[in-house]
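The structure appears right after this line, and notes come after that.
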Amino acid sequence: MTMQLPRVETPHGLRPNGIVRTTGWLQIGRTPISSGLWAVLAGFFLTVPFGSSWLPFLAAALAFAGWKVWVRRLRPASRVVNLDAKPATELWPGEWVRLYGTAGPVGEVEELEVDNAGRLRVWLHGDHQLPLPPGLWVRPVELRD
C-alpha cells in the first residue's frame, strides 16, 4: 500500500511510516552533489590500476547504472536540498525537515506542540513524532523528487 502525502506528489523513497529516504550527502551552497557522482568516481578510479585504457570508463558507466537502479528501483530515495537551519520552534506544518542533523531521512511537519516540561514535540506526517529540547536548531529541506 502506497501512502499519499497531501499537497505534493508522492516522493521517491516514501516509507509506509511517512518518512522519506534521501540520496546524497554532500551539498555546496544550494547545489547538491549527487551520490551518483561518487559511484562514477569509485568505478573509474578503482579500475585505473589495471592499466586498461577503456576499463575505467566502462566501470564508471556500470557504477552509475548500478547506483541509478539502486535509488530508483531497489531502495528508492528522493533528492533534497538543505535549506538554512532554524530553531525548531519556527517550523510550520507542511514543511519538510531532516530527522537527524544535516543528512539522512526527512519528514513532513504536521503539527507542533509544547508539553508540560517545555519540550517541543513535532508531529510528522505518518504519526511519527520528534521530541526536541528547547532551542534546538533543525534543518528544513526542499524535496526535488
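Look at (1) of a type outside the set (S, T, N, Q); (2) crowded, with 18+ Cβ neighbours inside 10 Å; (3) closer than 18 Å to Arg30 by Cβ and you find that Ala85 fails only one, number (2).
Taking the criterion of being within 29 Å of Pro76 (Cβ to Cβ) and not in a loop (DSSP other than H, G, I, E, B), the residues of region 103-120 that qualify are Val106, Gly107, Glu108, Val109, Glu110, Glu111, Leu112.
Of the residues Gly66, Gly43, the single one that is in contact (Cβ under 8 Å) with a residue 24 or more places away in the chain, among the small types (Gly, Ala, Ser) and over 24 Å from Glu142 (Cα atoms) is Gly66. Looking across region 25-70 at every residue that is within 15 Å of the chain's Cα centre (by Cα) and more than 19 Å from Thr102 (Cβ to Cβ), the one that is surrounded by the most Cβ atoms within 10 Å (Cβ to Cβ) is identified as Gly36. Beta carbons closer than 6 Å, at least 6 apart along the sequence or on distinct chains, pair a first residue in region 19-38 that is in contact (Cβ under 8 Å) with a residue 60 or more places away in the chain with a second that is surrounded by fewer than 17 Cβ atoms within 10 Å (Cβ to Cβ) and of a type in the set (A, V, I, L, M) for Trp25/Ala103; Pro32/Val81.
Condition check ((1) outside any loop (DSSP other than H, G, I, E, B); (2) within 24 Å of Gln27 (Cβ to Cβ); (3) out of contact with any strand residue (DSSP E or B) (no Cβ under 7 Å at 6 or more places or on another chain); (4) among the β-branched types (Val, Ile, Thr)) across all residues:
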{"position": "Ala39", "(1), (2), (3), (4)": "yes, yes, yes, no"}
{"position": "Gly43", "(1), (2), (3), (4)": "yes, yes, yes, no"}
{"position": "Val48", "(1), (2), (3), (4)": "yes, no, yes, yes"}
{"position": "Ala60", "(1), (2), (3), (4)": "yes, yes, yes, no"}
{"position": "Trp70", "(1), (2), (3), (4)": "yes, yes, yes, no"}
{"position": "Arg73", "(1), (2), (3), (4)": "yes, no, yes, no"}
{"position": "Val80", "(1), (2), (3), (4)": "yes, yes, no, yes"}
{"position": "Pro93", "(1), (2), (3), (4)": "no, no, no, no"}
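Applying the criterion of being aliphatic (A, V, I, L, M) and not in a loop (DSSP other than H, G, I, E, B) to the residues of region 10-37, the residue that is nearest to Pro56 (Cα to Cα) is Leu37. Which residues, taken from region 89-132, are more than 16 Å from Val20 (Cβ to Cβ), open to solvent by less than 30 Å² (accessible area, probe 1.4 Å) and either touching a Phe, Trp or Tyr at 6+ places or on another chain (Cβ under 7 Å) or without any contact (Cβ under 8 Å) to a residue 40 or more places away in the chain (or both)? Residue satisfying the conditions is Leu120 alone. On the stretch given as region 133-145, residues that are at negative phi, surrounded by fewer than 17 Cβ atoms within 10 Å (Cβ to Cβ) and not basic (Lys, Arg) total 6.
The values are calculated or read from the model by the stated rules, or taken from the named source; none is laboratory data. As the structure is a prediction and not an experimental result, all values here were calculated from the model. All Cβ positions, glycine included, derive from the backbone under ideal geometry; neighbour counts span all protein chains shown. Just the protein is used for accessible areas: all its heavy atoms, side chains included, with ligands, DNA and RNA removed. Shrake-Rupley method; radii C 1.70, N 1.55, O 1.52, S 1.80 Å.
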